[in-house]
Structures are given as C-alpha cells and as structure tokens.
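Working notes, beginning with the structure itself.
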Ligand code: AMP
Ligand code: ZN
C-alpha cells in the first residue's frame, strides 16, 4: 500500500502523534500553516469523505474537538479537501485543524460569492432531496 498516511498508521514512517485510538489517529502536520496545525484521520483507508464509514467519521470529529480544546485555540478552521482540484494532495481522508492566531497566519480564504437565482435554488433543493 503506497498510502503515506496508512504508513504513518502502521508506524512505517514517523509522525508526531497527538492522539491514537482503535479508529482514529491525530498528528502534527509537517508543513504547518500555523503553529499547532494538526491532521486528524480515520484509520480506515479511503480517499474521500464518502468512502469512510460513519462510525469512523464521527470519532474523527470528536477527536478534532478534543485537540482544539487541548490547544486552547479560540479561532481556528477545520478543513477537509476532496479531490485534486479541491486541493487534496494526500488520498487518505484527513481533517486539518488550523489555528488562526491572527489575520495573517493560518488559513487564508478567498470566498467569492454571488447572489443565487431563487428558482434555480429551489430546483436544486428538490433534486438533492430526491436522491437522499
Ligand atoms: P491536503 O492538501 O488536504 O491533501 O493536505 C495534505 C497535508 O498533509 C499537507 O498539509 C501536508 O503538509 C501534510 N503531510 C504530508 N505528508 C505528511 C507527513 N508525513 N506527516 C505529516 N503531515 C504530512
Ligand atoms: Zn491510507
């Protein structure tokens, strides 16, 4: 298995582990956006969010909270990328916990919104709901 995060789980490559349980691993990111930038991963290998069993996802979120509380951060972003054009580099689901100590450090987001067409939104809503 070539997956770098699976190798970290198995201890085949080193990591700075913050937390480990049967289902979840958390460790410090080696290329941090800010001090304390951490990665929280399910041990189940899957590239994208929808590949991960619900019980593993649930624990990942509660471990993310545990690490945010332990760091004492007030402002932070939780980010989870899916797919290359969505900036995913490592194809094993991971949640970034990125402290935002000030305006310049941490995650910078360019959020370009535009007003939606109400009719289009309604059609979209019905389409998505019909598939759930
Ligand atoms: P993404 O772009 O969402 O796939 O993010 C991948 C993240 O994994 C980046 O922030 C990298 O710095 C981080 N990363 C890659 N390899 C390692 C490693 N061996 N240990 C810790 N973090 C890593
Ligand atoms: Zn993996």
Seminar exercise, completed: Under the rule rounded for a/c under 1.5, else prolate if a/b exceeds b/c, else oblate, using alpha carbon gyration tensor axes a ≥ b ≥ c, segment 1-92 is classed as rounded
Seminar exercise, completed: With Cα coordinates, the longest principal axis of the chain makes an angle with the long axis of helix 54-71, in degrees rounded to 10, of 70
Exercise. With each pseudo-label sitting 7 Å past Cα toward Cβ, what's the residue 128-residue 104 distance in nm, one decimal?
Worked result: 3.7
For this session: For the chain, find the longest principal axis of its Cα atoms and tell me its angle to the long axis of helix 118-130, 0 to 90°, nearest 10.
Result: 60
For this session: Evaluate Rg over Rh across segment 1-52, taking Cα atoms for both radii and Kirkwood's formula for Rh.
Result: 0.95
For this session: Work out how much length residue 20 to residue 7 would gain on full extension: take 0.36 nm times their residue separation and subtract the Cα-Cα distance, in nm to one decimal.
Result: 3.2 nm
Problem set entry | Sorted peptide list for 120-127, 13-20, criterion being average Cβ within 10 angstrom, highest first | 13-20, 120-127
For this session: Determine the relative contact order of segment 39-97: mean sequence separation of Cα pairs under 8 Å and six or more apart, normalised by residue count, in whole percent.
Result: 52
For this session: Using a Gaussian network model of the chain whose springs link C-alpha atoms within less than 10 Å, name the residue from 52, 41, 109 with the highest mean-square fluctuation.
Result: 109
Seminar exercise, completed: GNM of the chain, Cα pairs under 10 angstrom: of 45, 96, 87, the biggest fluctuation goes to 87
Seminar exercise, completed: Over the chain, the sum of -39500 (n - 2.57) across DSSP H runs of at least four, divided by residue number and rounded to 500 deg cm²/dmol, gives at 222 nm -9000 deg cm²/dmol
For this session: Could you work out the relative contact order of the chain, using alpha carbon pairs under 8 angstrom and six or more residues apart, expressed as a whole percent?
Result: 23
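We did not get these values from a lab; they are worked out from the coordinates using the rules stated. All values derive from a computational prediction rather than experimental measurement. Heads up, the Cβs are rebuilt from the backbone with ideal geometry, glycines too, and the neighbour counts pull from every protein chain shown.
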